[in-house]
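Student: Right, I'll just put the structure down here and ask away after.
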Amino acid sequence: MERTEPDPHRLRGVTPKALLFGGGASVFIGIGVPYSNMIIKGTVLAHNFSTPAALFVFFFLLAFLNPFLRQIHPSLPLNRAELAVVYIMAMVATSIPTIGFTEYVLPITTGLFYFATPENNWEGLIHPHVPRWIAPQNLQAIRYFYEGLPEGMPLPWAAWIEPLAYWCLFIIALYWVSICTMVILRRQWLENEKLLYPLVQVPVEMIQGTEANSGRFFRNPIMWLGFAAPFVIGNINALHSYYEFIPRIETFMALHLFRNTTYLRLDINLALIGFGYLLSRDVALGFWLFFLLSRLQGGAFNFLGIQSTENLSRFANLVGPYMAHQAMGAMIVLVLSGLWMARGHLRDVFGKAFGRDEGASDAGEILSYRNAVFGLCAGLLVMIVWLWQSGIPLWIVLVLLFAAAIVLIALTRAVVEGGVSVLRTPITPADFTISGLGTGVLGASGLIGVAFTYVWCANVRIFFMACFANGLKMAEEIKGNKRGLLWAVLLAVILTLASSIYLVMEMSYAHGGINLHNFFFIFVPKMAFTYIAPKFENPLPYSLDGWGFTALGAALMSFLTYLRYRFVWWPVHPLGFATGTFYIMNWVWFSIFLAWLIKATILKYSGSGGYARTRPFFLGLILGQVVVAGMWLVIDYFTGMVGNVIGYL
């Protein structure tokens, strides 16, 4: 008998069953990810936009749990739309527990007290200007957070209630602003510009045909062939940690150029090759080409002695202040030109929000345009007041939020169009504000407020907006009204915040934070305040050089954007110039180059049919690397192995 397509009503995604599984995945990620970072110290699964923690949980659900439920009763397994909801919840959950929020807010708000010494004089310089509500005030509770509680003493939650409440208010306002912004831009990006969203192509393929049986994705031998390559290499490298006689397979080499002043890596990362194969050729070419040009530019600057004396923070572009400012100028043009191109759509959105019937339809959105526009204003108002009360002068809050918006929207655009999972901002909003305005206009309280922005907008290797934007692409699998998805996302946020904060607090007070993770508990809190402390005694003027290179980057990006849209034959996408020249791309560019070269060859000799036939192989590369990393975290948990890092994702 011919199998009929499922009833669209049956594909309603936001059901109690989906919320149960999605909520469970969120709690598991909220607990499991910080635990794996602090205790197991294996491969990190929540540091980058590929959200491997979500994909690993999703693989387990689809490969094992859903088929098991089908054996019990045909009504028990989740359908395609329900699975999409679960993945969206898991994906946004992955953006919270580590770099995204939890493992930053707890150490940063306490580190300024714990790491204060007579030598750095933080007690005299910084402590008098810290608002009491923004950080715990109980010095004993802070010391035990880093050194561990005496046996039998209860965890001092009372010291944390007020600061955590205020920080959760701010971060939820930020997430709400991100939701509203992405709802407003979704149709422009997805339907008008038809961006590719490469990072969600694997889970989208995984859920096709799931109503019938295990799904066609898992029955494709070409996918399993791709899966096997990183799976075998990952197993060999993991076993090397247990048995040293098993050789480790290294997949990178390094070059030192310009009299050893420029470091260039050649990394072969199979998952990144998989993502790179899904990109359009002009985007992939732009990423690796502009990165190499930036290395040449940086090397030439080093060789010729063209160096800036400006001191940016550790999370700015490590190739130097000039290129950090240049990249920021390019990102400003990337965002503003994108908004200009979307002006027709934005006119319709705001028309709909203000009651014009001829405005764009919002029937397919998870939030009405009216609620998105007014919700955006309300969320921004909460953030503005919060930052103002943290000590930053009101007008400077607007400058800081402008820089943050540029960074977050530009990187989100790079993620959904460029599909590069490993990215970071070239310059933090704090750096942009201090460099662009000088410290005199900030004052002591303003410097403190700017330092606290390191909690949510400094090392932005993963953040909520980009993950949620990918979630809106996944939401296409949900038929009919999607408004319930908003509540699913908010549920995932609340559950992940609660579970991750609880887990980090428990682990810190049980073992002592300084014994858990040097980066999160020592480096990050020290860096945030070491950066601003000297500026109390030695105020800095604004940087004319910084503004000059920002203008240069903006001018070059404007020219490249003009070429892109004026000449159809122009082969290089300017996205790579704006977001592909950062130091972290050193670990990424060669894999993208290989993917570009392979795809160009296949398209030349086999055409689009060859690309379609080989695509499952590259999807398998991605899934195999995620699964082997997650599998060994589970094995290491039971064996007690520590530090078994297979690679990065």
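The values are calculated or read from the model by the stated rules, or taken from the named source; none is laboratory data. A quick note: this is a predicted structure, and the numbers were derived from the prediction, not measured. Backbone-built Cβ (ideal geometry, glycine too); neighbour counts: all protein chains shown. Quick note on the areas: whole protein, heavy atoms, side chains included, nothing else; ligands and nucleic acids left out. Shrake-Rupley method; radii C 1.70, N 1.55, O 1.52, S 1.80 Å.
Student: Over region 120-271, average the accessible area per residue using a 1.4 Å probe and give it in Å², no decimals. If you can, show how the numbers build up before the last one.
Tutor: Numbers: 7260 Å² over 152 residues.
Accessible area per residue: 48 Å².
Student: Rounded to a whole number, what % of the accessible area of region 1-155 do carbon and sulfur atoms account for, probe 1.4 Å?
Tutor: Values: 3870 of 6350 Å².
Its accessible area is 61 percent carbon and sulfur atoms.
Student: Right, next: Provide Rg and Dmax in Å for region 479-554, with only Cα atoms included in the calculation.
Tutor: 21.6, 60
Student: Over all alpha-carbon pairs in region 210-287, figure out the percentage whose distance exceeds 19 Å. Can you show the working numbers first?
Tutor: Details: 1874 of 3003 pairs.
I get 62 percent for the Cα pairs in region 210-287 exceeding 19 Å.
Student: A follow-up question, please. As a quick test, which of the pairs K17/K473; K482/K599; K17/K479; K41/K599 have an alpha carbon distance above 24 angstrom in this structure?
Tutor: On the way: K17/K473 21 Å; K482/K599 36 Å; K17/K479 17 Å; K41/K599 35 Å.
Listed pairs above 24 Å: K482/K599; K41/K599.
Student: Here is a follow-up. Taking the Cβ of L61 as the center, what net charge do the other residues with Cβ under 14 Å away carry, scoring Lys and Arg +1 and Asp and Glu -1?
Tutor: On the way: positive: K17, R70, R80; negative: E82.
In short, +2.
Student: Where the centre of each part is set by its Cα atoms, how far does region 282-329 sit from region 487-543, in angstrom?
Tutor: 28
Student: Of C377, C457, which has the most accessible area with a 1.4 Å probe, and how do the rest follow in descending order?
Tutor: Details: C377 80, C457 5 Å².
Largest accessible area first, the residues go C377, C457.
Student: Find how many whole Å separate the alpha carbon centroid of region 110-151 from the alpha carbon centroid of region 366-396.
Tutor: When both Cα centres are located, 30 Å separates them.
Student: Same structure, new question: For region 377-480, which whole-number percentage of the solvent-accessible area (1.4 Å probe, protein heavy atoms only) is attributable to carbon and sulfur atoms?
Tutor: 71
Student: Still on this model: Let me check I've understood the local charge: for R483, count other residues with C-beta under 11 angstrom from its C-beta, Lys and Arg +1, Asp and Glu -1. What total comes out?
Tutor: Working: positive: K482; negative: D362, E365.
That sum, taken over residues with Cβ under 11 Å, equals -1.
Student: How far apart, in nm, are the 7 Å Cα→Cβ label points at V441 and W587?
Tutor: About 3.5 nm, to one decimal.
Student: Further question on the same structure: Take the alpha carbon atoms of region 72-207, find their radius of gyration, then divide it by 2.2 N^0.38 Å using N residues; give the quotient. Walk me through the numbers before you get to the answer.
Tutor: Numbers: Rg = 21.9 Å, N = 136, 2.2 N^0.38 = 14.2 Å.
Cα-based Rg divided by the globular estimate yields 1.54.
Student: Heavy-atom accessible area of W288 with all protein chains present, probe 1.4 Å, nearest 10 Å²?
Tutor: 30
Student: Whole number please: convex hull volume per residue of the Cα set in region 325-373, in Å³?
Tutor: Working: hull volume 4.3 nm³, N = 49.
Each residue corresponds to 88 Å³ of Cα convex hull volume.
Student: For region 376-427, what percent of Cα pairs sit more than 16 Å apart? Could the numbers behind the result be given before it?
Tutor: Details: 664 of 1326 pairs.
Percent of Cα pairs beyond 16 Å in region 376-427: 50.
Student: Using only protein heavy atoms and a 1.4 Å probe, report how much of Y611 is accessible, in Å² to the nearest 10.
Tutor: The accessible area comes out at roughly 50 Å².
Student: Hey, another quick one. Check T262: other-chain or 5+ apart residues with amide H under 5 Å from its amide H, H built from backbone geometry?
Tutor: Distant-sequence amide H within range of T262: L257.
Student: For E537, what accessible area in Å² do you get when you roll a 1.4 Å probe over the heavy atoms of the protein chains, rounding to the nearest 10?
Tutor: Rounded to the nearest 10, that gives 120 Å².
Student: Moving to a separate point now. Please pull out the direction-averaged projected area of region 187-321, using the convex hull of its alpha-carbon atoms, in nm² to one decimal place. Mind dumping the intermediate values first?
Tutor: Details: hull surface 56.5 nm².
Answer in nm², one decimal: 14.1.
Student: Determine the dipole magnitude for the chain: charges of +1 sit on the beta-carbon of Lys and Arg, -1 on that of Asp and Glu, nothing else is charged, the reference point is the Cα centre, and the result goes in debye to the nearest 20.
Tutor: Dipole magnitude for the chain comes out near 1400 debye.
Student: Taking all pairs of distinct Cα atoms, average 1/r, flip it, and tell me the Kirkwood hydrodynamic radius of region 441-483 in Å to one decimal place. Walk me through the intermediate numbers first.
Tutor: On the way: mean 1/r = 0.0745 Å⁻¹.
After inverting the mean inverse Cα-Cα distance, the result is 13.4 Å.
Student: Just to make sure I understand: if all protein chains stay in place, what is the order of D348, D431, D545 by accessible area at 1.4 Å, largest first? Present the calculation step by step, with values, prior to reporting the outcome.
Tutor: Details: D348 55, D431 0, D545 85 Å².
So the residues, ranked largest to smallest area, are D545, D348, D431.
Student: Bin by bin, in steps of 10 Å, what percent of the Cα pairs in region 377-507 do you find, going until the bin that has the longest distance?
Tutor: Answer for region 377-507: a P(r) of 11, 32, 35, 19, 4, 0 percent.
Student: Now, a different point. Report the equivalent ellipsoid semi-axes for the chain in whole Å, largest first, defined as the square roots of five times the eigenvalues of the gyration tensor built from alpha carbon atoms.
Tutor: On the way: eigenvalues 257, 181, 154 Å².
For the chain, the ellipsoid semi-axes come out as 36, 30, 28 Å.
Student: Order the following by accessible area, largest value first: M557, M341. Probe radius 1.4 Å; ligands, DNA and RNA are ignored.
Tutor: On the way: M557 0, M341 75 Å².
My answer, sorted largest first, is M341, M557.
Student: Hey, can you find the accessible area per residue of region 283-322 for me, probe 1.4 Å, expressed in square angstrom?
Tutor: Values: 1720 Å² over 40 residues.
On a per-residue basis, 43 Å².
Student: While we're here: How far, in nm, would the chain grow between R343 and E244 when pulled straight, counting 0.36 nm per residue and subtracting the alpha carbon separation?
Tutor: 29.7 nm
Student: Jot down the per residue volume, in cubic angstrom and as a whole number, of the convex hull over the alpha-carbon atoms of region 434-561. Before the final figure, lay out each step's value.
Tutor: Working: hull volume 24.9 nm³, N = 128.
Taking only Cα atoms, region 434-561 has a hull volume of 195 Å³ per residue.
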